[in-house]
C-alpha cells in the first residue's frame, strides 16, 4: 500500500534531483549558451512589451468608438419609432442597467415605453404550488407549466392592449408575485399607456436569468409568432465563454425556421451596439422586416443596414 510517507519521500527525491541537475547544468554550460539564453529571454520580453502596448492602443480605440456610438445612438434612432408602443419584458437576473438603458433608447427613438415588466422566478412554475398559485390568479384550472405560462402570456398581451385595467390579468399576476413592473422616464410610464392593439414586444433574457432555463421563453415566443405580434428577442450576453447557456436565448429563435422568420433577434444587448440594434430592429418590424443582429452564430451583422445602403 502506498503510504503518505512513501509519497513524501518520493517528492523529496524529485526535488533533490532537480536541484542537483541545476547545479551540474550551471557548472558545465558554457558562457555562450548562457548568453544565448539571456538574449532569447530579452527578445521574448520585448515582444510581450510590444504586444501589451498594441493591446493598450486597441483598447483605447475601442473605448473611443464605444463612446462615439453611445453619443450617436439617440440620433441614429431618432423618430424611427414615432407613434409606436413597445412592451419590454425581461427575466429577473438580467442586468437592470442594461434593460433601463434600452428602455431609454427606445423612448429617445419616439416609442411609448412605460418601463419594464419583469418575469419573477416563480413564473418558471417549477413546482405544483407555483402552478396552483398562477392558476388561482388567472381563475383557471391548474395544468402543466407550459399551458399555464401560455395562458398567462396571452392574457397579459390582451390585457395590456386594452389598457391594463386594475382588475385585469397583469395586475393579478403582479399581486401574486409572478410579475413585477418598474416604470422608466417621466412621461408615459404606466402600463395603461400601452393601450394599443399594435404594440410591439422586446423580450429580454440571458444566462443570468433567475428562471433557470429558457423553457418559458419558447412558450412566449410561440405565442408571439401565433398572434403575429412584431417582436424582438434579445440576449444580455456576458463575456463568459465557459457558460454553456451563453447564446441559448437567441438560439431558440434562430435555430427554429418558423420563429426565425417571424421574430427578430439581438445577441449582444449588453453592448451599446446591441441596444441600438434592438431599437433599429423594432423600427424594421414596423416595415415588415425581420432580422438577426449581433456577432453570434446566425447573426446577419452587428446592426440592420442603414436606409439607402446599396
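Every number in this text was worked out from the coordinates using simple rules, so none of it is lab data. Since the model is a prediction, treat every value here as computed from it, not as a measurement. Cβ coordinates were reconstructed from backbone atoms using ideal geometry, including for glycine residues, and neighbour counts include every protein chain displayed.
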Could you tell me the calculated FRET efficiency between residue 154 and residue 82, based on Cβ-Cβ distance and R0 = 35 angstrom, to the nearest 0.05?
0.80
Rank by packing, highest mean first: peptides 185-192, 214-221, with packing defined as the count of other Cβ atoms within 10 Å averaged across residues.
214-221, 185-192
Say each of residue 198 and residue 127 gets a label point 7 Å from the Cα, pointing the same way as Cα to Cβ; how far apart are those two points in nm?
4.6
Between residue 258 and residue 95, how many nm apart are label points set 7 Å from Cα along the C-beta direction?
3.5
